[in-house]
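Here the structure is laid out as structure tokens; the discussion comes afterwards.
Rule-based calculations on the coordinates, nothing more; no lab input. Bear in mind that the values here come from a model prediction, so they are computed numbers and not experimental data. Cβ placement follows ideal geometry from the backbone for every residue including glycine, while neighbour counts extend to all protein chains displayed.
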Amino acid sequence: MRDLVAGAPTADELVEELGREAHALGRRFAVVRRVEGLRPLLAAFGTALGFPDYYGVNLDALRDCLGDLVEHIAGGAAQPLTLVWEVDAAFRSAEAYPIVRGIFEEAEGDSRGGFDVVALAPA
């Protein structure tokens with residue numbers, strides 16, 4: 001998981017640049033903009049990552065659905081994916097932040113390079 005701090009360039013410029021990089025490498029690209037609160041954030045991840053309708057919008061469901069997605073990517077059944085997550089400043093100090101981060105780091109490790117996350121922080 002890469003951490004970037006927006007400032008100069010702006011968050012929008014960084015997202016645009018990361019999108020160009022991902023597409024040049026033949027990767028899908030998804031963005032989750034700043035979201036306040038764990039449940040809305042988990043819902044945004046589900047939408048951005050195309051999780052199925054049965055996605056339960058909780059941490060266990062994030063781990064399960066992300067694991068399924070990464071399994072498809074690692075097995076060649078799905079295109080590699082870069083996710084940019086604009087992390088809300090308040091969420092970085094929330095109890096759930098290291099848990100969500102750990103779920104993404106685990107998925108990155110399991111993906112054989114097919115899934116990566118860029119955590120974008122405000123300046």
Relative contact order of the chain, defined on C-alpha pairs under 8 angstrom at six or more residues apart (%): 39
Longest DSSP-loop-exposure-free segment, GluC sites (Glu not before Pro), the chain, at most 15 other Cβ within 10 Å: 37-94
Long-range Cα-Cα pairs in segment 23-94 (distance over 18 Å), rounded percent: 42
Residues of segment 88-113 with amide N under 13 Å of a point placed 7 Å along Cα→Cβ from Leu59: 94-104
Cα convex hull volume per residue for segment 63-123 (Å³): 74
Mean residue ellipticity (222 nm) of the chain, computed from DSSP H runs ≥ 4 via -39,500 (n - 2.57), nearest 500: -14500 deg cm²/dmol
Segment 2-121: proportion of alpha-carbon pairs further apart than 23 angstrom, %: 25
Dipole of segment 2-121, positive direction: furthest Cα of Phe91, Gly50, Leu14, with charges on the beta-carbon: Leu14
